[in-house]
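What follows is one structure encoded as structure tokens, with my remarks underneath.
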Amino acid sequence: MSLAADFGVTLTQHVLGNQAHHPGARGRFSALLTQIGVAGKLISAQVRRAGLIEVWGGTGETNVQGEKVQKLDRIANDTFVEVLRRSGCVAAMASEEEDALIPVEPAFSGDYVVAFDPLDGSSNIDVSVSIGTIFAIYPRRHPDRVGLDDILRPGREMVGAGYIVYGSATVLVYSAGRTVDCFTLDPSSGEFFLTRRAIRMPDRTKYLSINECNLPYWPDWVGPTLSAIKGRNDPDVRRVSARHIGSLVADFHRNLLTGGLFMYPVDRRTGRGKLRLLYECNPLAWLAEIAGGAASWGGGAILDRQPTGLHDRSGLVIGPAEDVALARRMMATHGDPEQG
Ligand code: AHM
Ligand code: MG
């Protein structure tokens, strides 16, 4: 039996259905989501062929973050930028791979501004481990001009966010503010079909996702937080286990579905986190909150944090609300460099 017969609802049908909840909507948001789905399919096709064609390895360039650019990073970035530019839905974009705001020429300019990480999990590209694309959507502020103030806004001002994971299947997860829904790409028809509706993140932490090798460089609150959570296990019952892929987007996807706490705290040596606020932390924090979870940088909710630059980095604790609150209590007790 085909997926279409099993699940029926396509991504386009779903976003058009959601439009009914936004009186006055002109259909541009639905068009944008549909185009993001198209970009996801194109990137997925390239990822699936990696190794067969010459897309593994580095380009020899270093990006604005000081990181080596992989060929697939570049392909994913160019694909996302081009599809969104031509969509007629976007006024400007910000990408992990581009130093400055990416303008869209007036002939194509639309109602939204989009920040994205075109290919998260770069270190996993060449070893065929899950990677993904993360995106955040804001409404433009002014009809006649667009600038940095359209994107340097707290995550709460988003109107939509989501991600695509190129894993054992290609899945697209998004929310326009009401529910978090998941679609799976059917390779035979080339369509995304709704496979999980109104996802709720489980209340209990089942998995810990953290690169524990960094523990010596993390603030004092991290060790006691990990010990408290691991202490829930006893010889007879394993309540918590470790799962860490090293691709934030894939770690988050598993944690969203099964209940997992992801942490990438501030590094004591630099006083800053690794993950970028605009296109990594914010979109996932938006999905986590709508699904019943939480996301904090220590001083408060990720979504309330005011960015000052396109590539700002932040500490991140994201997962079941009760354990994000536990981490915050530990930070209050032991201190955290980002809070001063
Ligand atoms: P990237 O966007 O260049 O791939 O960097 C972000 C990635 C995250 O996906 C992941 O959680 C983190 O970097 C892993 O970093 P580390 O190797 O320091 O644990
Ligand atoms: Mg990334």
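The values are calculated or read from the model by the stated rules, or taken from the named source; none is laboratory data. All values derive from a computational prediction rather than experimental measurement. Here the Cβ positions follow ideal geometry from the backbone for every residue, glycine too, while neighbour counts run over all protein chains shown. Heavy atoms of the whole protein, side chains included, go into the accessibility calculation; ligands, DNA and RNA do not. Shrake-Rupley method; radii C 1.70, N 1.55, O 1.52, S 1.80 Å.
Below, the figures for the structure above:
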| item | result |
| --- | --- |
| Selection within the range 48-104 - hydrophobic (A, V, I, L, M, F, W, C), in a helix (DSSP H, G or I) and more than 19 Å from N124 (Cβ to Cβ) | V81, V83, L84 |
| Spans of helices (runs of 4 or more DSSP H) in the range 229-340 with at least 3 residues within 20 Å of A161 (Cα to Cα) and in contact with a helix residue (DSSP H, G or I) (Cβ under 6 Å, 6 or more places away or on another chain) | 282-290 |
| Any strands (runs of 3 or more DSSP E) falling wholly within the range 114-225 and containing at least 2 residues that are within 16 Å of ligand 2 (Cβ to nearest atom), open to solvent by less than 30 Å² (accessible area, probe 1.4 Å) and at pLDDT 95 or above | 131-139, 160-166 |
| Qualifying position, being within 13 Å of ligand 2 (Cβ to nearest atom) and among the hydrophobic types (A, V, I, L, M, F, W, C), among A76, A100 | A76 |
| Verdict on A321 being out of contact with any Cys (no Cβ under 9 Å at 6 or more places or on another chain), closer than 22 Å to S227 by Cα, open to solvent by 40 Å² or more (accessible area, probe 1.4 Å) and not assigned by TED's automatic domain parsing to the domain that holds S122 | yes |
| Count of residues meeting criterion [within 12 Å of ligand 2 (Cβ to nearest atom) and either of a type outside the set (F, W, Y) or open to solvent by 10 Å² or more (accessible area, probe 1.4 Å) (or both)] in the range 278-291 | 5 |
| Subset tally (residues that are over 13 Å from the mean Cα position of the chain (by Cα) and in contact (Cβ under 8 Å) with a residue 40 or more places away in the chain) for the range 167-179 | 6 |
| W297 being modelled with pLDDT under 95 and of a type in the set (A, V, I, L, M, F, W, C) | yes |
